[in-house]
Amino acid sequence: MSSDLIVSNLPILFPLAVALYALLWCCRWALLHRQARTLPPPPEEGAAPLPPEPGPDRRFSRLDWIVMLAVTAVYAVVAFIGLGDDTAPQTYLHFEQGNTYALIELTEPQPITGVRYWCGLNTADYKLQFSQDGESWTDQLDSDGAPGMTQKYTQLFRWNDAALNGDGDPVRYVRIVSGAEQYLGEVVLYGADGSPIPAEDLSPADGCEALLDEQDTVPGAYSFLNGTYFDEIYHARTALEMIENIWPYEITHPPLGKAILSLGIRLFGMTPFGWRFMGTLFGVLMLPFLYLLLKRMFGHVSVAGAGTAVFAFDFMHFVQTRIATIDTYAVFFILLMYLGLFLWTTEPPAREKRRTLWLALSGVSFGLGAASKWVCIYAGAGLAAIWLVYWLRRFLAEKKAVRDEFLLNVGWCLIFFVLTPCLIYYVSYWSYAPSQGIDGPFRLFNGDYLKMVIDNQSYMWNYHSDLVATHPYSSMWYQWLLDVRPILYYLSYPADGVTVSFAAFNNPLVSWGGLAAMAGVGWCAVRDRDATAQFILIGYLANLLPWVLVSRLTFAYHYFPCTLFLALAIGYVFAELRRKDPRWRVSVGSFAALTVVLFAVFYPVLAGTPRTDAYSKIFLKWYVDTWPF
């Protein structure tokens, strides 16, 4: 076979090889699991009885700390590299109303070939006007005659280029007239040679200094590294509005996720690094908690370490936590609520205080999650199902002996899963209140505060239930299962044959192998009545099945919570292989290693690094028609 023929078939061979590996990996476990169900023959008369199989050691050891921190640290370095610029204009000229203007005078007349500007809050078109004498002004318009300098909601907190008439006449004065109350961060003028005109050659009118004081922040070209993209135009903006006590633009989700996001802005400024910092940090923090859950589930350092690495280098986890949206916080709290409930189900009943603590962790996490995004309520339904299965097991095994314990637990659940979440949710609107004139330490008891919260619930419900929209990268729930349709977040062509883009989707091995593992977990949950398998399966279905009933626009990132449970299902198979397969190190290690290898191969479409079209065609185009890169 010629080398050209091999290269031309690589886009087919790569996905087939991964799919075949995932299938064989799961089939090996299924075969071993079936063999293990056959009881061994009894020992011969007079022979010593078979020793009991040692149980897993779920205690946290020094080796656990080393492995957990190592995986977390490696991922943290990878996640924070190339996250975004830590510089951007921080001072703004505030146009308090429409028809007010800012004036910039050049030291000498010269042609202006470009105007680049950084938009702040509020939206309206500007009038961009040039003049030679300060009396006669020429409006700068685009090719359709529309204003050449705009500030639309998609342009906020990013660099934009104004459309100019291009007559080439020398300009001495530049005037920017506001269309409404709005904030403008910085204006950079480009001369005849296409280079920025030095700030010392520009003289702003009194009060307009903020437009020229951060000229060094202007980039050579716009990219995701120096401005907002996708839903950051909503959530990063809302986070700043919460800081500034301005009624937020985006109120289609509860406030807590955006309040957490705002902490990064407080630390690092209204910069791409600042508004993405907290999401990336929470993505890193997921890993030690997932490790703890895997260790408590399966009791082995190797299983917990490999399972955590699989989740860490899943594409969805990496991409989704590096964008300033609120899904990261929802998934983080889903992880915590299921961790708390699993610890409660596995803690001996005699340790009532510790069990109550784990139940409180689960309930508080549920409240924090619901106050971040409503998808956590779906996950909460899974908690209720697991709780019910747990008590059914106890009743069947111990009957009336657990009645008093059950009634006490119902009381704790009402506190931790009803009262506490409602209180957290209500308090989460704290930072919305000042923009409505509701201030002071007792604002929670203000009737206007209560009305604000209730009105927002009605608005959110109506928005999501009535939403009718289309999007070129939308997808349905059944497409998520096999990674069919990623959502493209960013796309640019910096040079011929070179593309910069990235998308949210799952690592194919995690998607395909995880789905096969989940099928095996489902079998064990039903056939073997395995409590851990039931826990994983219920968690997965609770986060997936509600989307089956949703008819509105959906995207691949809605599958992100399910990815947690795919990792747990893979960990379940890892633990089974470790217990039953003499070559388990190869099976477990190769799966984790291949996950990391695929992450490295797909890194350009995860982190937005430049790649050639040839690279995309050979290595990345697995679904030719539906993978948009």
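The values are calculated or read from the model by the stated rules, or taken from the named source; none is laboratory data. Since we're looking at a predicted model, the values are computed, not measured. In this analysis, Cβ positions are derived from the backbone assuming ideal geometry, glycine residues included, and neighbour counts consider all displayed protein chains.
Just so you know, in the stretch 325-370 the residues that are of a type in the set (F, W, Y) and more than 30 Å from P272 (Cβ to Cβ) include one that is surrounded by the fewest Cβ atoms within 10 Å (Cβ to Cβ), and it is W358. Here G98 fulfils each of the conditions (1) surrounded by fewer than 19 Cβ atoms within 10 Å (Cβ to Cβ); (2) touching a His at 6+ places or on another chain (Cβ under 9 Å) apart from (2). Evaluating K373 against the criteria (1) closer than 20 Å to A531 by Cα; (2) buried (at least 18 other Cβ atoms within 10 Å of the Cβ); (3) touching a residue at least 24 places away in the same chain (Cβ under 8 Å); (4) among the basic types (K, R) leaves one unmet condition, (1).
The condition of being over 16 Å from the mean Cα position of the chain (by Cα), in a helix (DSSP H, G or I), of a type in the set (A, V, I, L, M, F, W, C) and surrounded by 24 or more Cβ atoms within 10 Å (Cβ to Cβ) holds for only one of L261, L294, that being L294. Residues in the stretch 484-505 that are touching a Gly at 6+ places or on another chain (Cβ under 8 Å) and surrounded by 24 or more Cβ atoms within 10 Å (Cβ to Cβ): 1 in all. Among residues of the stretch 141-154 that are buried (at least 19 other Cβ atoms within 10 Å of the Cβ), those with a beta-carbon under 7 Å from a residue that is polar (S, T, N, Q) at least six positions away or on a different chain give the pairs G148/Q140; M149/Q140; Q151/T123; Q151/Q182. Candidates G166, G134: the one that is farther than 30 Å from Y490 by Cβ and either out of contact with any Cys (no Cβ under 6 Å at 6 or more places or on another chain) or outside any loop (DSSP other than H, G, I, E, B) (or both) is G134. Select from the stretch 469-503 the residues that are within 19 Å of R552 (Cα to Cα) and among the small types (G, A, S) and list them in ascending order. Listed by number, the residues that qualify are A469, S474, S475. Selection within the stretch 319-376: residues that are more than 14 Å from the chain's Cα centre (by Cα) and among the hydroxyl-bearing types (S, T, Y). The member of this set that is farthest from Y234 (Cα to Cα) is T346. List the pairs whose first member sits in the stretch 333-350 and is under 21 Å from F282 (Cα atoms), whose second member is buried (at least 23 other Cβ atoms within 10 Å of the Cβ) and among the aromatic types (F, W, Y), and whose Cβ atoms are under 6 Å apart, counting only residues at least 6 apart or on separate chains? Listed by first residue and then by second, the contacts come to M337/F366. Identification of helices (runs of 4 or more DSSP H) wholly contained in the stretch 509-609 with 3 or more residues that are more than 22 Å from the chain's Cα centre (by Cα) yields 531-548, 560-580, 584-602. Pairing residues of the stretch 202-220 that are in contact (Cβ under 8 Å) with a residue 12 or more places away in the chain with residues that are assigned to a strand (DSSP E or B) and among the polar types (S, T, N, Q), at Cβ distances under 9 Å and at least 6 apart in sequence or on separate chains, gives L202/T107; S203/T107; L212/S203. From the list A381, A397, the lone residue that is free of Cβ contacts under 8 Å to residues at least 12 places away in the same chain, among the small types (G, A, S) and under 30 Å from R529 (Cα atoms) is A397. All conditions in (1) among the hydrophobic types (A, V, I, L, M, F, W, C); (2) farther than 17 Å from L121 by Cα; (3) touching a residue at least 12 places away in the same chain (Cβ under 8 Å) hold for I176, with the sole exception of (2). Filter the stretch 75-110 down to the residues that are among the polar types (S, T, N, Q) and in a loop (DSSP other than H, G, I, E, B), then identify the one that is nearest to L184 (Cα to Cα). The selected residue is T91.
Which of the helices (runs of 4 or more DSSP H) contained wholly in the stretch 364-466 include at least 3 residues that are over 22 Å from E347 (Cβ atoms) and not aliphatic (A, V, I, L, M)? Break it down into steps so the answer makes sense when it comes.
Details: elements: 375-398, 403-414, 420-427, 447-466.
Counting at least 3 such residues, we get 420-427, 447-466.
Please work out which residue is nearest to Y249 (Cα to Cα), limiting yourself to the stretch 166-176 and to residues that are surrounded by 15 or more Cβ atoms within 10 Å (Cβ to Cβ) and over 38 Å from the mean Cα position of the chain (by Cα). Checking each candidate, the answer is R175. For A519, the criteria (1) small (G, A, S); (2) over 24 Å from L23 (Cα atoms); (3) surrounded by fewer than 23 Cβ atoms within 10 Å (Cβ to Cβ) hold in every case but one, which is (2). Pairing residues of the stretch 566-592 that are surrounded by fewer than 24 Cβ atoms within 10 Å (Cβ to Cβ) with residues that are at pLDDT below 90 and not in a helix (DSSP H, G or I), at Cβ distances under 7 Å and at least 6 apart in sequence or on separate chains, gives S587/D581. The residues listed here are G148, G134; of these, the one that is of a type in the set (G, A, S) and under 40 Å from the mean Cα position of the chain (by Cα) is G148.
Inspection of the stretch 306-328 identifies no residue that is in a helix (DSSP H, G or I), touching a Phe, Trp or Tyr at 6+ places or on another chain (Cβ under 8 Å), more than 24 Å from F505 (Cβ to Cβ) and not acidic (D, E). Pairs linking a residue in the stretch 421-440 that is closer than 21 Å to A379 by Cα to a residue that is assigned to a loop (DSSP other than H, G, I, E, B), with Cβ atoms under 8 Å and 6 or more positions apart or on different chains, are P421/A371; I424/A371; Y425/P254; Y425/A371; S428/P254; S428/P255; S428/A371. Would you pick out the residues in the stretch 444-483 that are surrounded by 10 or more Cβ atoms within 10 Å (Cβ to Cβ) and aromatic (F, W, Y)? Listed by number, the residues that qualify are Y449, Y459, W461, Y463, Y473, W477, Y478, W480.
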